[in-house]
Amino acid sequence: MVSRPARLTPPVECVRLYDPASGLDGVIAIHSTALGPGAGGCRLWSYADMDAALADAFRLAEGMSYKNALAGLPFGGAKAVLRRPEGDFDRAALFRAFGEAVERLGGLYVTAEDVGTSVGDMQEVARVSRHVAGLAAKEGQAGGDPSPWTALGVFEAMKAAARLTFGSDLDGLTVAVQGTGSVGAELCRRLAAAGAKLVIADPNPARRDRLAHVHDARIVAPDEIARAEADIFAPCALGGALDRDTVAAMKARLVCGAANNQLAAAEVAALLLRRGITYAPDYVVNAGGIINVSAEYLGEGEASVAARIAGIAPRVSQILHQAAEEKRSPAAVADEMAEAVIAGAQRAIAA
Ligand code: NAD
């Protein structure tokens with residue numbers, strides 16, 4: 001699995017999880033608690049070895065510190081990475097054992113779903129720990145599936161970035177959407193309603209074909225979507241969508257999508273800059289999900305989620321303006337802003 005390039009900052013705390021009885025084998029990495037408890041989802045994935053799982057956990061935890069800081073959330077960054085047991089396993093027992101480890105941290109780490117985990121898994125965690133979100137929504141409160149909120153943030157960010165890049169709204173622009181899963185499908189719905197033309201790709205035909213029918217979208221093969229004739233490329237599948245080859249062949253002038261860790265390597269940001277392709281930084285654009293998850297944990301209502309998501313587009317505009325003025329990559333500008341927020345909180349703690 002591709003992760004965002006790490007700056008190799010050591011985590012504040014790293015807890016090894018190992019319980020042969022339940023099959024639990026993994027790690028909780030807490031990168032920063034300057035702004036609050038470390039918050040970030042729990043990933044269940046097949047890793048070749050523990051070193052690969054550790055490396056992924058550290059990078060993902062660091063990414064959550066940056067994402068949470070720039071989203072204005074009172075949380076630091078953390079992530080849990082669990083190695084998927086071989087063959088059949090007792091899922092409920094595994095996630096209860098994980099929940100017990102989360103509870104032992106006493107609120108230093110707040111977990112939720114991520115790749116490979118579900119609401120049901122988090123409900124098992126919630127049996128033994130309070131420090132979990134991503135459960136079913138309660139009446140009038142934030143919660144439930146974060147994907148529609150993520151899609152809303154991406155859509156608003158894209159509108160803002162399109163205004164700066166093309167001097168227009170999305171009406172009449174063509175958007176190439178890579179991945180028509182939970183976020184991609186909802187993004188397509190919003191884009192079609194705004195008058196954008198769609199090109200879509202997904203190796204799974206079920207949702208893709210229905211979307212193509214409903215929104216009159218053109219379907220291309222997954223390996224063609226990044227170089228499709230389009231104004232905007234929206235990566236909404238897995239990480240690493242932007243590598244040297246895809247960027248070299250890209251026709252779109254703007255990249256703005258939901259996927260985490262879009263840059264396959266740090267130097268790809270410079271290549272995008274050289275090619276004159278505007279890059280709306282992934283973790284700024286896709287913060288709607290963690291905004292919803294954190295509001296649920298804090299017991300806030302949907303109005304608070306909507307207010308925080310409304311902050312995403314102006315933040316993206318600010319980053320793109322500054323990057324253009326300074327002739328730097330928006331990715332570097334965003335990282336610098338996030339680091340300043342975290343450093344400010346660290347100074348406040350030390351004072
Ligand atoms: P999802 O699993 O529902 O959808 C992903 C889709 O991508 C699937 O339909 C899959 O078939 C498709 N896909 C896989 N490889 C592809 C390829 N090579 N080309 C085209 N399509 C491909 O996931 P999601 O919840 O929609 O999340 C999408 C991305 O957004 C992920 O990177 C996720 O980490 C990120 N993200 C999601 C949220 C959220 O709230 N769900 C929040 C922040 C970030």
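A short reminder: the numbers here are calculations on the coordinates, not readings from a lab. If you're wondering where the values come from, they're calculated on a predicted model, not measured in any experiment. Heads up, the Cβs are rebuilt from the backbone with ideal geometry, glycines too, and the neighbour counts pull from every protein chain shown.
What size of dipole, in debye to the nearest 20, comes out for the chain about its Cα centre when the only charges are +1 on Lys and Arg C-beta atoms and -1 on Asp and Glu C-beta atoms? Let's see the in-between values first.
Values: 35 positive and 41 negative charges, 139 e Å.
With Lys and Arg at +1 and Asp and Glu at -1, about 660 debye.
Only helices enter this figure: runs of n ≥ 4 DSSP H residues, each worth -39500 (n - 2.57), summed and divided by the residues of the chain, yield -14000 deg cm²/dmol at 222 nm to the nearest 500. As a length-normalised measure over Cα pairs under 8 Å and 6 or more apart, the relative contact order of region 97-197 settles at 19 percent.
Find, to one decimal place in angstroms, the Kirkwood hydrodynamic radius of region 124-166, where the mean of 1/r is taken over every pair of different Cα atoms and then inverted.
On the way: mean 1/r = 0.0777 Å⁻¹.
Radius from the Kirkwood sum: 12.9 Å.
Distance between the pseudo-spin-label points of residue 336 and residue 18 (7 Å out from Cα toward the beta carbon): 4.4 nm. Spin-label model, residue 103 to residue 274: label points 7 Å out along the Cα-to-beta-carbon direction sit 5.4 nm apart.
Multiply the residue separation of residue 321 and residue 139 by 0.36 nm, subtract the distance between their alpha-carbon atoms, and state the gained length in nm to one decimal. It would help to have the intermediate numbers written out before the result.
On the way: separation 182, 0.36 × 182 = 65.52 nm, distance 3.98 nm.
Answer, rounded to one decimal: 61.5 nm.
This model, with +1 at the C-beta of Lys and Arg and -1 at the C-beta of Asp and Glu, gives region 284-351 a dipole about its Cα centre of some 140 debye.
Based on the Kirkwood radius over alpha-carbon pairs, what value in µm²/s does the Stokes-Einstein equation return for the translational diffusion coefficient of region 225-317 at 37 °C and 0.692 mPa s? Kindly include the intermediate steps, with their values, before the conclusion.
Values: Rh = 14.2 Å.
In µm²/s, the coefficient rounds to 231.
In the chain, a dipole from Cβ-located charges (positive for Lys and Arg, negative for Asp and Glu) runs towards its positive end, and of 261, 226, 48 it is 226 whose Cα lies farthest in that direction.
Ranking 200, 102, 292 by how far each Cα lies toward the positive end of the dipole of the chain (charges on Cβ) leaves 200 at the top. Shape annotation for the chain: C-alpha extents along the principal axes are 54, 51, 43 Å, from largest to smallest. Once both labels are positioned 7 Å from their Cα atoms along Cα-to-Cβ, the gap between residue 92 and residue 123 label points is 1.1 nm. A Cα-only calculation for region 90-211 places Rg and Dmax at 18.7, 54 Å. Straightening the chain between residue 204 and residue 265 buys 19.3 nm, computed as 0.36 nm per residue apart minus the Cα-Cα spacing. In terms of its C-alpha gyration tensor, region 1-133 comes out oblate, because a/c is 1.5 or above while a/b does not outweigh b/c.
Take every DSSP beta bridge whose two residues both sit in region 14-100, then give the antiparallel share in percent to the nearest 5.
Numbers: 12 of 18 bridges.
About 65 percent, rounded to the nearest 5.
Using only side-chain charges placed at the Cβ, +1 for Lys and Arg and -1 for Asp and Glu, the dipole size of region 226-270 relative to its Cα centre rounds to 60 debye. Proximity of backbone amide H atoms, modeled 1.01 Å from N, is registered between residue 39 and 76, 77, 78, 110 at under 5 Å, excluding neighbours fewer than 5 places apart on the same chain. Based on C-alpha pairs under 8 angstrom that are at least 6 apart in sequence, the chain has a relative contact order of 18 percent. When both bridge partners sit in the chain, DSSP labels roughly 35% of those beta bridges antiparallel.
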